[in-house]
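Written below as structure tokens is the structure these notes are about.
The values are calculated or read from the model by the stated rules, or taken from the named source; none is laboratory data. For clarity, every value in this text was computed on a predicted model and none was experimentally measured. All Cβ positions, even for glycine, are placed from backbone atoms using ideal geometry, and neighbour counts span all protein chains on display. These area figures cover heavy atoms from the full protein model, side chains too; ligands, DNA and RNA do not enter into them. Shrake-Rupley method; radii C 1.70, N 1.55, O 1.52, S 1.80 Å.
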Amino acid sequence: MKIEKNITTVGEIVAEDFGHAEVMNRHGIDFCCNGDDTLDVAANKVGADVDHVISDIEAYNKGGVGGSIPFATFPKDFLIDYIIKIHHRGTRRDGKTILDLFEKVERVHGERHPELHEVRALFTQSMEALEVHLAKEEQVLFPHLYAQIDNLYHERPWLAFHCGSVAGPISVMEDDHSEEGVRMHKIIELTDHFSAPDDACNSFRLLYSMLHDFAHNLFEHIHLENNILFPWAIQEEHKAMTQG
């Protein structure tokens, strides 16, 4: 991909190779909830030098770093499978473990580290909201997309969403993503990027390590939907409606 800083979006850059996400994170650039921002706009928002960002991306590409999953090439039903089986299941499983660990760590360290109370409250809110969000995807949006993908495979017509355009539920999902992005960035700020204090016990350090991984997986989840799956669905629906 040729990166044009005032044209190429950060979502497109990360969609090409998820390894670019690490470069974005290093510069504090939000490629998930604001994936439609062009690179220069995204860099300007956080005071990053856009040319430095491009140099880091090029250095990553030249370094031949392998192993990045080519999400953008996945068949879209396989991508949905991945989101459900890796991200939805992982969110529920790891979220419960983190909440259980929070109870222990907050009880022991909460007096010396009062920020734990706010972090736990934010994470609890996140898990409650995410459970509703995941259910909406699994029960409403994803079944519709699975059916449409099957229609495309068998060269059948694209069927209209039962209450209008697929852009409607997608907009709701993206609003949820934005809310979770704000909440997680607040957690990152309160934990100083998940840096355990010097007096932290092993459970405290484990908690922050798990929160770090949870945040990484959440941002990947949002990226896969906002920057790959959802634009594809809207584009395919538009194509079907204009051709039909």
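What number, rounded to the nearest 500 deg cm²/dmol, is the helix-based mean residue ellipticity at 222 nm of the chain, given -39500 (n - 2.57) per DSSP H run of at least four residues and division by all its residues?
-20500 deg cm²/dmol
Each residue of the range 73-87 in order: what ³J(HN,Hα) in whole Hz does its phi give by Karplus 6.51 cos²θ - 1.76 cosθ + 1.60, θ = phi - 60°, with x for Gly and Pro?
So the Karplus estimates, Gly and Pro as x, are 8, 5, x, 5, 6, 5, 5, 5, 4, 4, 4, 5, 6, 9, 7 Hz.
Using alpha carbons only, what's the Rg to Rh ratio of the range 111-223 with Rh from Kirkwood?
Taking Rh as the inverse mean 1/r over Cα pairs, Rg/Rh reads 1.15.
Put +1 on the Cβ of every Lys and Arg and -1 on every Asp and Glu Cβ in the range 1-83; which of Val41, Ile69, Tyr82 then has its Cα farthest towards the positive end of the dipole?
Ile69
Quick one: which residues, 5 or more positions from Phe161 or on another chain, have an amide H under 5 Å from its amide H? H modelled 1.01 Å from N in the peptide plane, none for Pro or chain starts.
Amide H neighbours of Phe161, under 5 Å, 5+ apart: Val166.
Can you give me the long-range amide H partners of Phe31? Hydrogens built in the peptide plane at 1.01 Å from N, cutoff under 5 Å, separation of 5 or more residues or another chain.
Those qualifying (amide H under 5 Å, at least 5 residues apart or on another chain) number zero.
Leaving out ligands and nucleic acids, and using a 1.4 Å probe, what accessible area per residue does the chain come to in Å²?
52 Å²
What's the magnitude of the charge dipole for the range 1-92 around its Cα centre, counting Lys and Arg as +1 and Asp and Glu as -1 at the beta-carbon? Answer in Debye, nearest 20.
440 debye
Report the local net charge at Ala196: Lys and Arg +1, Asp and Glu -1, summed over other residues whose C-beta lies under 13 Å from its C-beta.
-2
With a 1.4 Å probe and all protein chains left in place, how much of the accessible area of the chain comes from carbon and sulfur atoms, in whole percent?
53 percent
Ile234: net charge of surrounding residues, Cβ under 14 Å, Lys/Arg +1, Asp/Glu -1, itself excluded?
The answer is -3.
Please get the size of the charge dipole for the range 89-186, origin at its Cα centre, with Cβ charges of +1 on Lys and Arg and -1 on Asp and Glu, quoted in debye to the nearest 20.
Here the size comes out at about 260 debye.
For the range 1-49, what is the convex hull volume of its Cα atoms per residue in Å³?
Per residue, the Cα convex hull of the range 1-49 comes to 64 Å³.
In whole Hz, what ³J(HN,Hα) sequence does the range 30-40 give by Karplus (6.51, -1.76, 1.60; θ = phi - 60°), x for Gly and Pro?
Rounded to whole hertz, the list is 8, 9, 8, 5, 10, x, 7, 5, 5, 4, 5.
I need the GluC sites (Glu not before Pro) found in the range 136-244, filtered to DSSP loop residues with at most 12 other beta carbons within 10 Å of theirs.
Passing both the DSSP loop test and the Cβ count: Glu155.
Got a sec to turn the phi values of the range 102-109 into Karplus ³J(HN,Hα) couplings, 6.51 cos²θ - 1.76 cosθ + 1.60 with θ = phi - 60°, whole Hz, x for Gly and Pro?
Couplings: 4, 4, 6, 5, 5, 5, 7, 10 Hz.
Suppose the chain between Glu58 and Asn202 were pulled fully straight at 0.36 nm per residue; how much longer would it get relative to their current alpha carbon spacing?
Full extension from Glu58 to Asn202 adds 48.0 nm.
Please list Met241, Met210 from largest to smallest accessible area, probe radius 1.4 Å, with all protein chains kept in place.
Order by accessible area, largest first: Met241, Met210.
Which of these, Asn227, Asn34, Asn25, has the largest mean-square fluctuation under a Gaussian network model of the chain (Cα springs below 10 Å)?
Asn25
Putting +1 on Lys and Arg Cβ atoms and -1 on Asp and Glu Cβ atoms, find which of Val172, Phe102, Ile234 reaches farthest to the positive end of the dipole of the chain.
Towards the positive end, the residue furthest out is Phe102.
Kirkwood Rh and Cα-based Rg: tell me the resulting Rg over Rh for the chain, rounded to two decimals.
Result: Rg/Rh = 1.00.
Any idea what the dipole of the range 69-130 comes to, in debye rounded to 20, about its Cα centre with Lys/Arg Cβ at +1 and Asp/Glu Cβ at -1?
With only Lys, Arg, Asp and Glu charged at Cβ, the dipole is about 240 debye.
Cα-based count: Lys pairs in the chain below 25 Å, eight or more positions apart or different chains?
So the count works out to 16.
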